[in-house]
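Accompanying notes for the structure given below.
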There are 2 protein chains.
Amino acid sequence: MTSQGWQFGDYPGATEDHLHNYRYMHEIYTHHDPDYTGRATVPVLWDKKTGAMVNNESADIIRMLNSSFGAFSNNSVDLYPASLQREIDQLNKYYYDNFNNGVYRAGFATSQEAYDEAYEQVFAALDQIEERLAAKGPYVFGEQLTETDVRLFVTLVRFDAAYHGIFKCNKKRISDYPNISTYLKRLYALPGISETVDFDHIKAGYYSLGNLNPNGIIPRGPEIDLVA
Amino acid sequence: MTSQGWQFGDYPGATEDHLHNYRYMHEIYTHHDPDYTGRATVPVLWDKKTGAMVNNESADIIRMLNSSFGAFSNNSVDLYPASLQREIDQLNKYYYDNFNNGVYRAGFATSQEAYDEAYEQVFAALDQIEERLAAKGPYVFGEQLTETDVRLFVTLVRFDAAYHGIFKCNKKRISDYPNISTYLKRLYALPGISETVDFDHIKAGYYSLGNLNPNGIIPRGPEIDLVA
C-alpha cells in the first residue's frame with residue numbers, strides 16, 4: 001500500500017498492469033470513468049473487450065465467475081448450488097460480519113471497546129467454524145465445496161501471517177484449531193489455489209499500513225506450512 | 001510508560017510510592033541526586049535507612065539480593081554458587097546478548113536488517129535453551145536453581161504476552177517449545193514468583209509504547225496458562 005493506494009509491480013513477484021501499463025489502481029478506475037473520485041479498491045473484474053470495469057466487489061465477482069464463465073472453463077464446479085443458496089447467504093453474512101470483516105474491525109479499531117468487541121466476535125466465529133467442520137466437514141456444507149469456503153479461505157490463509165499480529169487477533173492462531181487447520185490445508189491443496197497465495201506479499205501488504213506499523217518492519221514469522 | 005517515563009500507581013493493581021509519595025520514577029532519581037539528568041530506569045534498589053539509591057542495574061541487584069540479604073531471609077538458596085560462577089557468567093552473557101536484550105533489539109530495530117538479525121538470534125537462543133533443558137534439566141544448570149534461571153524467567157514469562165506481538169518475535173511462541181514451557185511453569189510455581197507476574201501490566205506496559213503501537217490498543221490475547 002502506497003500513499004497513492006494500490007500499486008502494480010515494483011515488488012518481487014508482483015504483477016504489472018499488462019493491459020494499460022498503469023502504475024496505480026486509481027488509474028484503472030479513472031480509465032473506466034474519468035470523473036471517478038472514490039476509493040480505488042481491489043479486486044476489480046475488467047472486461048478487455050469493452051475496455052470497462054465490470055465489478056469491484058469481491059463477493060459479487062465470486063458469484064459472477066461461478067455463474068457466467070462456464071464457457072471458459074472445462075469443469076462443472078458450482079459454488080452456489082440452488083439447493084443451498086439460502087443457507088449460503090445466511091452463513092456468508094454471519095462470517096462476513098464476524099470474521100472476514102471482524103478482523104478489519106479489530107485491526108482498525110480506534111477504541112479499546114471497539115477492538116475488544118470485534119476480537120470476541122472473530123474468535124466466536126472461529127469456534128463456530130471449528131465445531132461446524134467437526135460436525136459437517138470436510139467443507140462447511142459437507143461434501144459440497146461452496147463459495148462460503150472460498151470466502152473463508154481468503155481470511156483464514158492470511159490469519160496467522162497478518163491478522164494475528166498486526167490486527168491483534170491473537171487469542172489463538174489458526175494452527176491452534178485442529179479442524180480448521182486441516183480444512184485450510186484441504187482448501188490450499190485444491191487445484192489453482194496455492195498459486196494465488198504469497199505469504200511475503202500478504203505480510204508486506206499488511207505491515208505497510210503506517211498507522212499500525214510506523215517503523216515498517218515486516219515480521220519474519222510465523223512458520224507456516226500448509227502442505228505438511 | 002508515560003511521556004514522563006515510569007509512573008507509580010494510576011493503573012489497576014499498580015503500586016504507589018509509599019516512601020515519598022512520588023508520581024514518577026525520575027523523582028526518585030533526583031531525590032537521590034538532585035543533579036541527575038540521565039534516564040530514570042527500573043528496577044531500583046533503595047536503602048530506606050540512608051535514603052539513597054543502592055543500585056539500578058537488574059543483574060547487579062539480583063546478585064546483591066543473593067549475597068547480602070541472607071540475614072533477612074530464612075532460606076539458604078544460593079543462586080550464584082562458587083562452583084558454577086564462571087559458567088553462569090558465560091551463559092548469562094550469551095543469553096543477555098541473544099535473548100534478554102535480543103527481543104529489545106528486534107522490537108526497537110529501525111531497519112529490516114537489524115530486526116532480521118536480532119530475530120534469528122532470539123530464536124537460536126530459544127532453540128539452545130530447549131535443547132539444554134532436554135539434556136540437563138530441570139534447570140539450565142541441572143538440579144541447581146541459579147540466577148541464570150531467574151534472568152531467563154523474566155524474559156520468558158513476557159514473551160508470548162508481549163515480545164511475540166509488539167516486538168515481532170513471532171517465529172514461535174514459548175508455548176510451542178515443550179521443554180521451555182514445562183520449565184517456565186516450574187519457575188512460575190516457585191514460592192514468591194507468581195505474585196510478581198501480572199499479565200495485564202505486562203501487556204499494558206509494552207503496548208503503551210506509542211512509536212510501536214500508535215493507537216494504544218492492548219491485545220486481549222493470547223491465552224496463557226502457566227499453572228495447568
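What follows draws every value from the coordinates through simple rules; no lab data is involved. This is a predicted model, so every value here is computed, not measured. Please note: Cβ atoms are built from the backbone with ideal geometry, for glycine as well, and neighbour counts cover all protein chains shown.
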Practice task
Please work out the C-alpha center-to-center distance from segment A:167-210 to segment A:144-164 and express it in whole Å.
Solution key: 7 Å
Exercise for the section: Could you please state, rounded to a whole Å, how far the C-alpha centre of segment B:28-87 is from the C-alpha centre of segment B:89-108? Expected result: 21 Å
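Can you quote the Å³ per residue value for the convex hull of the Cα atoms in the protein assembly as shown, rounded to an integer? Provide the component values of the computation, followed by the final result.
Details: hull volume 85.3 nm³, N = 456.
Hull volume normalised by residue count: 187 Å³.
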Exercise for the section: Provide an ascending nm list, one decimal, of label-point separations from B:Tyr94 to the equivalent residue in each further copy; define each label point as 7 Å from Cα along Cα→Cβ. Expected result: 5.3
Practice task
Work through the residues other than B:Asn170 whose Cβ is under 12 Å from its Cβ and net out their charges, Lys, Arg +1 and Asp, Glu -1.
Solution key: +3
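Expressed in nm to one decimal, what extension gain is obtained for the pair A:Asp78 and A:Leu19 from 0.36 nm per residue of sequence separation less their Cα-Cα distance?
Details: separation 59, 0.36 × 59 = 21.24 nm, distance 2.97 nm.
Value of the extension gain: 18.3 nm.
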Completion exercise
Here P(r) for chain B, Cα-Cα distances in 5 Å bins, as whole percents, is 1, 6, 12, 16, 18, 18, 15, 10, 4, 1, 0
Exercise for the section: Using R₀ = 56 Å, calculate the FRET efficiency as 1/(1 + (r/R₀)^6) where r is the Cβ-Cβ separation of B:Thr30 and A:Tyr11; round to 0.05. Expected result: 0.65
Handout entry: Nm distances between copies for B:Ala71, ranked from closest, using label points 7 Å along Cα→Cβ
Key = 9.7
Handout entry: For B:Ser194, inter-copy label distances in nm, listed shortest first [label point 7 Å out on the Cα-Cβ vector]
Key = 4.5
Practice task
Take the Cα pairs of segment B:1-69, get the Kirkwood Rh, then feed it into Stokes-Einstein at 10 °C and 1.306 mPa s and tell me D in µm²/s.
Solution key: 122 µm²/s
Problem - 10 °C / 1.306 mPa s Stokes-Einstein diffusion coefficient of segment A:180-228, Kirkwood radius on C-alpha pairs, µm²/s - result: 128 µm²/s
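Other chains' Cβ within 10 Å of B:163-171 residues: what's the mean?
Values: counts 0, 6, 6, 2, 1, 10, 3, 11, 5.
The mean count of partner-chain Cβ atoms within 10 Å per residue comes to 5.
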